[in-house]
Amino acid sequence: RATMKSLRFISAEAFVSNAEFARKNLGSVAHNLFPLLFKASYLLEQGEVIHDLVENWPLADLNMAKLLGTTVDYQEDLSHRTCSMCLESCLMGLRDYVLNHPSPYMKRLKVVDLTGIKDVEVQSCECKKTMGRWARTQLLSKLCLELLVYLQQTQCNPGTFEISIDVLIDLFVTEWNYELVVQALLKKCSCPLKICCVAFRSDNLALQKFFYIIKLTDPSLLRKLEIVHNVRLEMEHLEILFSSIHFPVLMSLTLPARTFNVRRFTATDELMLSNIGEKMGEMTQLTELSMSFSVLTGRIQKLLSPLKTPLKMLDVSNCSLNHADMAYLANSFHAHHLEALDLSGHNIPDLYPSMFFKLLSRSSSVLRSLTLEDCNIQDTYVNMLILGLNPCQKLQEFKFLGNPLSSQALKHLFTFLSELPMLKNVEFPVPRDCYPVGITYPIDDANLFTFDHQKYERVAEELNLILLQANREDVKASSPLFGSYDAAVQETNNELGAYLIKSFKETLEKFTTSLNELNM
């Protein structure tokens, strides 16, 4: 659907569409029109104009979310366009803003905020080339270092060194860009462009390197911390992290798989878990917590009860929760505030159906996202599920992949889902009757694709028809067999693959060495 443009925006598009003309005449443009021209240039992918707009930016701040988001003149939100050419032009313009003005004392720019850029699966920009979070981290670090080298080697106006611009960014660090980012953070004080890390994600990184770089980021500014794939952080390391570093404004925490494993707990481990809970309790702004694929049986209360602020997002997927854990969640003060909940990997119908429904009931007035993948939800449970979901009128997203449901049960469920007014995204399982008779759940990777694809397509069409007949074209329904799209994994999959091959090779070498020692 076409978005309405104001006459001002149409005029701005006309102005920037001729790049040569626009660049020549920027000097005569009123300062308050720069944001309008920036969005028009971004929409038309006029990289040279974007560069010159930023190089001559006359305002005190440059906030990508505000510039590209919904505006009075053009309501379409462009912040999900991570167009490589546009973003590179913007950052190059920022570098040249520092270098190319004869009178640095006239400069007003103090803050550049890059945090509002959203990485999505489908790009709507013409060039289709994206610059993800990892690449943005890489480019900004590189530009900061190049800028320092240039300033040190060239006779610059002394006022240039007095320029200080905070560049707010969500850093994404892996082994492959670690050294570059460390150098940029170490030299932050000398550089006119100051990297200010608001969110930090780490994948494929040795623990020692993670501890070193997290201290360089200035943890007092950190609002979001994600330690995800191939960072071998275990409970004892987490206790050291929280004891040695203070995170006063941390709002969101994601821990890697197997951070906790209560199956091998000692008395010391119990004390350690209590300490971690208390440290998290000191993070008064923490409202999002993800700790999937840990073994937390019977310990949820110990970990979450010290929190003083209610959680809005909780991911405890595949955490082996028991009845006591679910009872704590259902009765805790968090329940009334949960906007996003992931309980995947738990046999809800058999283990704690009543407690689950109590939790659902208490969070129903605010719940926006619910994920119940691989939860053994069968046809006989669908009516109960519908009853439980009925009060959740603000639900925008429901994911329930990997459950043994028939085509008929899915149609029944979709008829109900089409009535949820805010629903936008549904991820549903391939129907059980599309798989060979006798398939067991959860389905392993080897059998994931052994279903009747033609039958699945027919069922998917019928499910979409249910949505269409209810005038719900706005709802996207799909069955991503390998789970939801993860922009960070997509961007670094080459490095992730190389890491897995290296790990496999090392394991084989250790195995071979052990065999040789046995045979000696």
Work out, step by step, the length gained on full extension between GLU234 and THR268: first 0.36 nm times the residue separation, then minus their alpha carbon distance; give nm to one decimal.
10.8 nm
So how strong a dipole does the chain carry about its Cα centre when Lys and Arg Cβ are +1 and Asp and Glu Cβ are -1, to the nearest 20 debye?
1060 debye
Which entries in LYS209/LYS302; LYS209/LYS308; LYS66/LYS118; LYS358/LYS399 show an alpha-carbon gap greater than 22 Å?
LYS209/LYS302; LYS209/LYS308
If packing is taken as the average number of other Cβ atoms within 10 Å across a peptide's residues, how do 392-402, 61-71 rank, most packed first?
392-402, 61-71
The percentage of the accessible area of segment 158-232 (probe 1.4 Å, all protein chains present) made up of carbon and sulfur atoms, to the nearest whole number, is 54 percent
Regression test value, accessible area per residue of the chain, probe 1.4 Å, units Å², expected 47 Å²
So what is the calculated 222 nm ellipticity per residue for the chain, using -39500 (n - 2.57) for each DSSP H run with n of 4 or more, over all residues, to the nearest 500 deg cm²/dmol?
-13000 deg cm²/dmol
Could you give the distance between the Cα centres of segment 247-262 and segment 176-236, to the whole Å?
15 Å
Taking every DSSP beta bridge with both residues inside segment 158-232, roughly what % is antiparallel (nearest 5)?
0 percent
Using only protein heavy atoms and a 1.4 Å probe, report how much of ASP452 is accessible, in Å² to the nearest 10.
70 Å²
Whether segment 158-232 is rounded, prolate or oblate, judged on the alpha carbon gyration tensor where a/c under 1.5 counts as rounded
prolate
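Calculate the FRET efficiency for ALA14 and CYS127 from the Cβ-Cβ distance with a Förster distance of 25 Å, rounded to the nearest 0.05. Display every interim value, and only then the final one.
Working: r = 22 Å, r/R0 = 0.86.
Calculated transfer efficiency: 0.70.
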State the Cα centre-to-centre distance between segment 449-464 and segment 88-156 in whole Å.
46 Å
Which percent, nearest 5, of DSSP beta bridges in the chain are antiparallel?
5 percent
In what sequence, highest mean first, do 78-88, 379-389, 296-306, 118-128 appear when ranked by Cβ atoms within 10 angstrom?
78-88, 296-306, 379-389, 118-128
Evaluate the relative contact order of segment 3-106 (contact order divided by residue number), counting alpha-carbon pairs under 8 angstrom at least 6 apart; express in whole percent.
32 percent
Summed over the other residues with a beta carbon less than 13 angstrom from that of ARG223, with K and R at +1 and D and E at -1, the charge totals -3
Add +1 for every Lys or Arg and -1 for every Asp or Glu among the other residues with Cβ under 14 Å from the Cβ of ASN261, and state the total.
+1
What shape does segment 180-310 have by the C-alpha gyration tensor, where a ≥ b ≥ c are the square roots of the eigenvalues, rounded means a/c under 1.5, and otherwise prolate means a/b greater than b/c and oblate the rest?
prolate
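The values are calculated or read from the model by the stated rules, or taken from the named source; none is laboratory data. For clarity, every value in this text was computed on a predicted model and none was experimentally measured. Don't worry about glycine lacking a Cβ; one is built from the backbone with ideal geometry, like all the others, and counts go over all protein chains shown. Accessible surface areas use protein heavy atoms only, side chains included; no ligands, DNA or RNA. Shrake-Rupley method; radii C 1.70, N 1.55, O 1.52, S 1.80 Å.
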